[in-house]
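All remarks here apply to the structure that follows.
What follows draws every value from the coordinates through simple rules; no lab data is involved. A quick note: this is a predicted structure, and the numbers were derived from the prediction, not measured. No Cβ is skipped: glycine too gets one built from the backbone with ideal geometry, and neighbour counts run over all protein chains shown.
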Amino acid sequence: MKPIIEINDLTKVYQMGETEVHALRGVSLTISDGEMVAITGPSGSGKSTLMAILGALDLPTSGTYRLDGEEVSTLSDDELALIRNRRIGFVFQKFNLLPRSTILANVALPLTYAGVGKKERNDRAAHVLELVGLGDRLSHRPNELSGGQQQRVAIARALVNTPSMVLADEPTGNLDSKTGDEILALFRELNRDQGITLVIVTHSPEIAAECPRNIRIRDGLIEADVMTTPESDGELEDATLLLEVDA
């Protein structure tokens with residue numbers, strides 16, 4: 001599988017008055033096309049900083065980051081905006097939907113920014129809404145949907161530009177456990193059946209346990225990088241236990 005994310009010796013230092021805060025201290029990792037990865041760690045570990053850099057929302061202080069073969073860490077603001085629009089799909093804890101627009105219009109919005117024509121926008125938005133099980137709700141507005149359905153709309157919006165990867169930040173944090181399980185099942189299905197690369201930043205041991213690979217951050221460094229295949233039940237239990245201790 002080809003690499004989607006290639007990070008080498010990444011650091012991030014924030015200046016807080018006269019104090020330097022080292023959020024990342026030399027992170028190196030590779031994530032391949034089609035992987036489903038959880039990034040975990042306690043508060044203050046650096047995982048949110050890493051997510052911001054992966055999402056082209058921030059730049060590292062030093063080191064390199066290549067997304068789908070392109071060096072990201074030296075791009076201009078306009079170039080980063082283009083990367084975010086075309087290469088990365090975002091799913092956040094808050095759904096961030098436009099309340100007065102239909103879900104079709106919400107999902108098509110990134111294509112509008114990309115300059116895609118109206119018919120193609122609507123066709124592509126309808127297709128991804130069908131993928132997430134909302135093909136019969138195109139004219140509904142967000143307030144006519146449940147929380148789980150709204151998160152499905154957000155996932156469809158993340159997919160509409162056929163990004164290199166989908167980056168999800170606590171995607172079930174605002175949902176009850178049953179609905180959260182349904183969203184997690186949808187992620188697994190999209191990864192398995194559509195080959196979509198998923199990177200999920202989470203505190204949840206349940207979400208981490210469902211990802212075939214767990215990358216654990218602590219004190220700005222990678223503490224563990226564990227493959228949790230069906231044959232490695234012990235490793236999966238160890239990874240889950242680490243999360244539970246922090247919770």
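For the chain, the dipole from Cβ point charges (+1 on Lys and Arg, -1 on Asp and Glu) about the Cα centre works out to 1200 debye, to the nearest 20. For Cα extents along the principal axes in Å, the listed values are (i) 48, 37, 34; (ii) 51, 48, 36; (iii) 49, 43, 39; which was obtained by calculation from the structure presented? Matching the structure shown: (iii). With respect to the chain, whose longest principal axis is taken over its alpha-carbon atoms, helix 147-159 is tilted by about 80°.
Available extension along the chain between HIS140 and GLU170 is 8.3 nm, counting 0.36 nm per residue and deducting the alpha carbon span.
Just checking the listed ones, GLY220, GLY26, GLY115: in the Gaussian network model of the chain with Cα springs under 10 Å, the one fluctuating most is GLY115. Mind checking the log10 I(q)/I(0) for the stretch 97-162 at q = 0.14, 0.16, 0.19, 0.22 Å⁻¹? Debye, one equal scatterer per Cα, no solvent, two decimals. Cα-only, vacuum Debye calculation for the stretch 97-162: -0.31, -0.41, -0.58, -0.79. Straight-line cross-link partners of LYS47 among the lysines, defined as a Cα under 25 Å from its Cα and at least 8 positions apart when in the same chain: LYS2, LYS12, LYS94. Considering only alpha-carbon pairs that sit under 8 angstrom and 6 or more positions apart, the relative contact order computed for the stretch 130-194 is 33 percent.
Hey, in the GNM for the chain with a 10 angstrom Cα cutoff, which one of SER139, SER73, SER45 fluctuates hardest? Residue with maximal mean-square fluctuation among SER139, SER73, SER45: SER139. Tell me, what is the percent relative contact order of the chain, built from C-alpha pairs under 8 Å that lie six or more residues apart? Value for the chain: 26 percent. Taking the helices alone, the chain has a mean residue ellipticity at 222 nm of -11500 deg cm²/dmol, built from -39,500 (n - 2.57) per DSSP H run of at least 4 residues and averaged over all its residues. From the alpha carbon centroid of the stretch 45-85 to that of the stretch 136-205 is 23 Å.
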